[in-house]
Structures are given as C-alpha cells and as structure tokens.
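The values are calculated or read from the model by the stated rules, or taken from the named source; none is laboratory data. Since this is a predicted model, take the numbers as computed values, not measurements. A quick note on method: Cβ atoms are made from the backbone with ideal geometry, for glycine too, and the neighbour counts reach across all protein chains shown. Note: areas computed on protein heavy atoms with side chains; ligands, DNA, RNA excluded. Shrake-Rupley method; radii C 1.70, N 1.55, O 1.52, S 1.80 Å.
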Amino acid sequence: MTVASPNFSDGCMIALYPPPALAQQLAVEGGLPAEELHVTVAYLGDADHVDGDVLRDAVAELAARRPFTAQLAGLARFTGGDKDVLVALVDSPDLEDLRRDTLDALHERGIEIPRGHGFTAHCSLIYLNLDEPAPLDRLDAQPIEFTALSAVHGLDRIDSPLAHPMDAVAREAFAAGWALSGGPMTRRVQVACETAVHLATEATDDPDILKATIDLGKLEGMWALLFQRRQEQQDRHTASVNALWRDLVARDGIAAMVDRLRWQLGVHEADGPDRSGIRAAALAAAKAMLAVLADLAGFTTVRIALRNAIAAGRAEGMVNAVAIAAERANRIGLDWNIAFTDAYAAMERLDELWGDAGGWLGRMVDGVADDLGRTLASGMEDGLSRDELIDAAADILTGDSDAVAFTVDWAMTTAADEGALALYQSEGVQLIDIITAGDGRVCGSCIDAETGSPWRVGDQPRMPLHPNCRCCYAADVSLAHFASWFT
Ligand SMILES: [Zn+2]
C-alpha cells in the first residue's frame, strides 16, 4: 500500500520544475502529482525562519544564467528515513554549478542551509513503505530542460525565467539596430533576433559584440523592409494587371468558345475523340480565344500596366541596390520613398521597357492559354455540361489568374535584378555578390551563386535564377552620387 507523501508545505526551497509534459510522463500512480515534481537545488528548512523576499531576491539573481538541459539518468531508491523514496536521478554539470552558486548566494544573505545531506540531484517520484515494492524498476535516460528557477516559500512559489545577463542587453542592441533600419517587425526578424542574442551570450568576452548585434538588427531590418516593399509592389501591380485583364474577357465570348469546342469535338457522338485529340483541340480553342483578345483596345491597357509594373520593379531594384550598399557602408538615413520616386521618374524615357512589357505579355497570354486549355480538356474528359465548362473557363479568365500573378512576379523580379545590376554597373562596380534570400524559396542554383561570390561583373549568373526568386545582387558603391536619397 502506498503511503501519503510528507507535507513540506511549511518548508522553503530553491527548485527546478520540469516542463509540464515531461512531469506528466514521470508521475507515477499514487506518487507525487505531476505539478509537484521538482528538483530541489537547496532545501532551506522551515519557512518561518527564512525571509521570503530575501529568498526571491537570491533566486532572481541566480536566474541570470542560460536555460540548460540535464539528463534523467535512471532511478534510485533512497533509504534511511521513516519511508523510502523512489527518485529519478538528474545529471548535469550546469546543475552542479547552480547548486554551488546557490549556496554562495544564500551565504551572502546570511542563510545557511541545513547540513544533514550532501547533494544528489534528483526528482522524488513516490514515497514507499520500507517493505513496499517500487512501482517501476527502470527509467529510460532522457533530456530534461529547465527554463526557470523557482523560489518556494511555504505554499508560495515564484518562478524566475532563466536568462543569461547578456540576453536582455543583446535584445536591446538588436532592437536598436532594427529600429534604425526603419524595417517592419516580421517573423524572420524575430528569428534573427533570437539567433543574434544567442550568439551574443556566447561571445560575452568580445568587446565588439554589442556593436555587431546592433549591426545584425540593422541588417535584418533592412532586408525585412526590402522584402516588404517588394511584396507590396508585386501585390499592387498584380492586382492592377489582373483587373484590366479581367475586363477584356466577355462572358459571351467564353460561351461561344465552349460551344465551338463542343461542336468541333462532337460531344454528341458516342465514340468521341481520344484524350490527346481533346487536349490539342482545347489548347487550340484557348489560343484562338486569347488571340481575339489581343485585338481588343483593352489589350493595350494591360500592356501599359505591365510596363508600369516593370518600371516599378526596376526602380525598386535600384533603390534596393543602394540600400544594400548603404547597409554595407553603415550609412543610415536612406529615404526609400524619395529614392523610389526619383528612380521611377528616370524610367519615363526608357523605351526598352515597352519591349520588355510586350515580351512578358506574350508569356502571360501563353500561360493563361495553357491553363485554359488544360481546364477545358479535363472538363471535357470529365463530361462537364456546357454551363459547367463555361464556368470553369470563366474561373480561369476572370478570376485571380495564377498565370497573371506568376508572370507579374517574374517580370518584376527580373526588372528589379536588372535595375540593381544596371545601377552597380553604372557606378563602376567590378565585383558583385549574390545573396540568397534565405526564405525557404532558395533553390540549389542560388546557393551556388552565393557561394561563388564575389563575381566579376559580367561573369556573374543572371538573376533571378528561378521564378519567385528573392535573391539579390549586392555590392559596394560610393553613396555620394545618391546624397539626395538620404535624409
Ligand atoms: Zn533565389
């Protein structure tokens, strides 16, 4: 029969509590409840004899250390008292350091702990009568993470999160750098902050570490701003091209196309055409329909919208190039909006953009034709009715088209990379880096391009290396030519 656990509710101690999920797993039936499982660092005796404020003050000081992971290293059965106690053994040099520092911190505060026992780090699981068998005879080794140190005074428990003293300082340094950049707070910036803080706590001896942390904050903020601006522009121009594109397509045109296709494929006949016949006919019908659109007046407005998207991409790429160069030169104060307006205005006279727009528009039409042809073919194969086919075709032509978004994204990214390259070239840059965006969309070729940096200008790979690429050129330029872009 299991005996009740002794009541320590009037004692006090400094202790570590395992994560709740692990505590649940460790708790044994009839033993200490999961929420009471702990590793005592120092037992101080009767709570009446220890000032709670002094205890909590000591714990707050002791918590200025990194969270650590100890090892659960099996079971032991402590004997020699009124009852035996089955414990999980806890092994960790960090825990030994903590114990030593705890004794020092308490001693400084005039608290001496009872000297009845040495220190065997453990987590009590269950009290047993002397003749009672243990409910388990083996515990697998596993890590146990401690993220807080607790001051327990009678029934009162206060947890202090473990954090290296450098942690808060480094966090502030990173935030200061980020604020200087004017960039948004994104998930990526948060992750970078954690990494930078971790690096800083591991390099506390380096006198320049806080400066380096500020720089990291600035760099991450700059990239966050750069990607945010690009995304906003992509979204705006995609929406605008899409809207104009949708206006081109009339519902009766779609119906006529579907009717022609159905007639041509003879859907009323028992032995209809084979699959390849359907696909070829559907693609031809889609192309024919889109060719008609090309003759409509509205088609030119789509081309203008694409031209504007390319101009914006190119201008943004030039601003990005200067922002990256400014970051490398540790120069702050770039006014991205002024710079963009200026760079965009310079696009006015650039006739080549019209040719680019025509080329991208051709790809866009081909992309939509492919999507439409595929949709019509699978609709015919699946035996959709006339109205269902018309709806499916209308979805492709008048919904938010994937082909349009894909093309605008690719065109603007290409324009941005060309804009950056052109700016660096006109500034006489000889060596150019390629930097991957590190956002999960990086393909192997981009990593190779980054690894191969710096490149001699002209020999470098032509960015973007893949659709949706966010990787960038980077180089040093004299910022004197861009003084009007800085505040
Ligand atoms: Zn890339």
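At-a-glance table
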quantity	calculated
Among the residues listed as W245, W263, the single one being of a type in the set (F, W, Y) and over 28 Å from A305 (Cα atoms)	W263
Index of the failed condition, A175 passing every other in (1) in a strand (DSSP E or B); (2) in contact with a Gly (Cβ under 8 Å, 6 or more places away or on another chain); (3) without any contact (Cβ under 8 Å) to a residue 60 or more places away in the chain	(1)
Residues of segment 92-118 that turn out to be acidic (D, E) and either in contact with a Phe, Trp or Tyr (Cβ under 7 Å, 6 or more places away or on another chain) or surrounded by 15 or more Cβ atoms within 10 Å (Cβ to Cβ) (or both), as a count	2
Which listed residue is modelled with pLDDT of 90 or more and of a type in the set (A, V, I, L, M), from A151, A163, A168, A203	A151
Residue within segment 445-460 that is under 28 Å from T407 (Cα atoms), of a type outside the set (A, V, I, L, M, F, W, C), open to solvent by less than 40 Å² (accessible area, probe 1.4 Å) and within 9 Å of the ligand (Cβ to nearest atom) present	no
Residue match in segment 37-55 (condition: loosely packed, with under 15 Cβ neighbours inside 10 Å and in a loop (DSSP other than H, G, I, E, B))	yes
Verdict on G74 being in a loop (DSSP other than H, G, I, E, B) and not acidic (D, E)	no
Every pair of residues 6+ apart whose Cβ atoms lie under 7 Å, when the first sits in segment 452-476 and is on the phi > 0 side of the Ramachandran plot and outside the structural domain of W360 (by TED's automatic domain parsing) while the second is within 12 Å of the ligand (Cβ to nearest atom) and among the basic types (K, R)	N468/R441
Test: residue in segment 325-342 that is of a type in the set (K, R), touching a Phe, Trp or Tyr at 6+ places or on another chain (Cβ under 8 Å) and not in a helix (DSSP H, G or I)	yes
Pairs where the first residue, in segment 428-444, is farther than 21 Å from E220 by Cα and open to solvent by less than 60 Å² (accessible area, probe 1.4 Å) and the second is at pLDDT below 75 and within 9 Å of the ligand (Cβ to nearest atom), C-beta under 9 Å, 6+ apart	none
Qualifying residue in segment 3-17 (condition: open to solvent by less than 10 Å² (accessible area, probe 1.4 Å) and polar (S, T, N, Q))	no
Any chance T436 is among the polar types (S, T, N, Q) and either more than 16 Å from the ligand (Cβ to nearest atom) or touching a strand residue (DSSP E or B) at 6+ places or on another chain (Cβ under 9 Å) (or both)	yes
Enumeration of residues in segment 313-353 that are open to solvent by less than 10 Å² (accessible area, probe 1.4 Å) and closer than 18 Å to H237 by Cβ	G313, A315, E316, G317, V319, N320, A343, M347, L353
Helices (runs of 4 or more DSSP H) contained entirely in segment 208-308, each with at least 2 residues that are over 42 Å from the mean Cα position of the chain (by Cα) and in the same structural domain as A345 (by TED's automatic domain parsing)	251-265, 275-294
Which listed residue is away from the ligand (no atom under 16 Å from the Cβ), of a type outside the set (G, A, S) and within 27 Å of the chain's Cα centre (by Cα), from V404, V429, V477	V404
